[in-house]
Amino acid sequence: MHDFWMFEGLMSSGNGALHVTSTHCDDTIARSLCAGSLNVLSLHGCTPEQAGLESGAEAVLIGGLNPTFRQYLLEEFTAAGIRAVTASGEEEIAGISPDNICNRTLLGMGAQLEITTALRASMFASGKNTVADRATNLLPSFWTFVAAARKAIDRVEAGQTVL
């Protein structure tokens, strides 16, 4: 069983003003879900420039404090043909703060994905990467991404003993 929590701006424009960093997420439900879980995978968006990549790069950056989970994510995305890069540099992109929502688990570590703008756009029909259109305009690359993430989750959970 997996829990799901999402913070998503639903305004027609200007959602950037709603941005909350992963170290400042204070939502009671989100923090409670993480605190009661062995593993957390958080998904975020970034520009290639924020990630230190070339303009227009389609990539997922993998961070967080759980080295095994990070490795499995890197392996599964790479096997799926998705450019996967170990996040480094800026603390928010790398997900290395203990205060990061992904690291507020029972184990004190989790994983974080930063998905570049171009990779996110490639998952939806052209011009359909909007709140209103996403759900009905998914491309196969979306499902490839989801399958790779699920495989990594399955692998990390298979190696754990339930507390």
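The values are calculated or read from the model by the stated rules, or taken from the named source; none is laboratory data. What you are looking at is a predicted structure, and each value in this text was computed from that prediction instead of being measured. All Cβ positions, glycine included, derive from the backbone under ideal geometry; neighbour counts span all protein chains shown. Only protein heavy atoms, including side chains, enter the accessible area calculation; ligands, DNA and RNA are left aside. Shrake-Rupley method; radii C 1.70, N 1.55, O 1.52, S 1.80 Å.
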So, first residue without any contact (Cβ under 8 Å) to a residue 24 or more places away in the chain in the range 61-79, second residue surrounded by fewer than 16 Cβ atoms within 10 Å (Cβ to Cβ) and outside any helix (DSSP H, G or I), Cβ within less than 8 Å, six or more apart or across chains; the pairs are L74/T86
Output the residues belonging to the range 19-45 that are modelled with pLDDT of 80 or more and open to solvent by 70 Å² or more (accessible area, probe 1.4 Å). T28, I29, R31, S32, L43
If R155 passes every condition in (1) in contact with a Phe, Trp or Tyr (Cβ under 6 Å, 6 or more places away or on another chain); (2) open to solvent by 40 Å² or more (accessible area, probe 1.4 Å); (3) without any contact (Cβ under 8 Å) to a residue 40 or more places away in the chain but one, which one does it miss? (3)
If we only count helices (runs of 4 or more DSSP H) wholly inside the range 62-163, which ones have 2 or more residues that are closer than 27 Å to S13 by Cα? 91-94, 117-121, 140-158
Working only within the range 113-141, note down all residues that are open to solvent by 30 Å² or more (accessible area, probe 1.4 Å), touching a helix residue (DSSP H, G or I) at 6+ places or on another chain (Cβ under 8 Å) and of a type in the set (D, E, K, R). K128
Taking the stated definitions as given, is E91 charged (D, E, K, R), more than 20 Å from V146 (Cβ to Cβ) and free of Cβ contacts under 8 Å to residues at least 12 places away in the same chain? no
Output the number of residues of the range 86-97 satisfying the condition of being open to solvent by less than 40 Å² (accessible area, probe 1.4 Å), at pLDDT 90 or above and among the β-branched types (V, I, T). 0
Of residues in the range 98-112 being open to solvent by less than 10 Å² (accessible area, probe 1.4 Å) and over 12 Å from the mean Cα position of the chain (by Cα), the one modelled with the highest pLDDT: N103
